[in-house]
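In what follows, a structure is listed as structure tokens, so that the remarks can point back to it.
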Amino acid sequence: MYLRHQIRSMFTFMMGALLSSATLALPSDQDQPIYVEADTASIDDNSGITTYTGDVIITQGSMVLKGARVQLFRGADQTINQIISVGSPAYFEQQPQQDQAITYATGLKLDYTIDKQTLLITESAKVEQGGDEFTGAKIAYDMANAKVKAFSSDSGKQRVQMILQPRSENK
């Protein structure tokens, strides 16, 4: 029981550091409680890596991250600088601003770099927001600058596909 409390306390501290620095989330997200569900949790203070396995679900405000395995990487200053989620598929969603649609991202691997606010989605990558959809073998999503780059597979079997909705002046 004590170990479980220690793990929960450490995780809450680390996720708080991570999510409070996320600049493109709803302003209220950072003030929301963090919820974690997983079958197992493993913290390695020497390497700075925390690993959660077994249908992992992490939520805070509008942000939801899911995967079969989620790893959090801490830097020398003990703040989380990277999250890698692997699943079939791994899943991410967040509402960037109150007046914007929720962004959804899926792929077999999601690699989120906190300080750069980038999400690299690989293998069956897909990003959706407000009816627009991007798919490809790999997608680089720059959240800070609202830019998406999609790439086809090296073999050319999985090409980039986009669906762009018309924008009305009344929106």
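The values are calculated or read from the model by the stated rules, or taken from the named source; none is laboratory data. On a predicted model such as this, the values are computed, not experimentally measured, just so you know. Methodologically, a virtual Cβ is constructed for each residue, glycine included, from the backbone with ideal geometry; neighbour enumeration extends over all protein chains shown. Just the protein is used for accessible areas: all its heavy atoms, side chains included, with ligands, DNA and RNA removed. Shrake-Rupley method; radii C 1.70, N 1.55, O 1.52, S 1.80 Å.
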Once the other residues with Cβ under 13 Å from the Cβ of Phe134 are scored (Lys, Arg +1; Asp, Glu -1), what is the net sum?
-> +1
Per residue, how many Å² of accessible area does the stretch 52-121 show with a 1.4 Å probe?
-> 42 Å²
Sorted on mean Cβ neighbours within 10 Å (highest first), peptides 117-130, 141-154 come out as 117-130, 141-154
Simple SL model, points at 7 angstrom along Cα→Cβ for Thr53 and Tyr35; separation in nm is 2.5 nm
Rounded percent of accessible protein surface that carbon and sulfur make up, the stretch 89-148, 1.4 Å probe | 47 percent
Indicate the gyration tensor shape class of the stretch 18-171 (rounded, prolate or oblate), computed on the Cα atoms with a ≥ b ≥ c the square roots of the eigenvalues: a/c under 1.5 is rounded; otherwise a/b larger than b/c is prolate and the rest oblate.
-> oblate
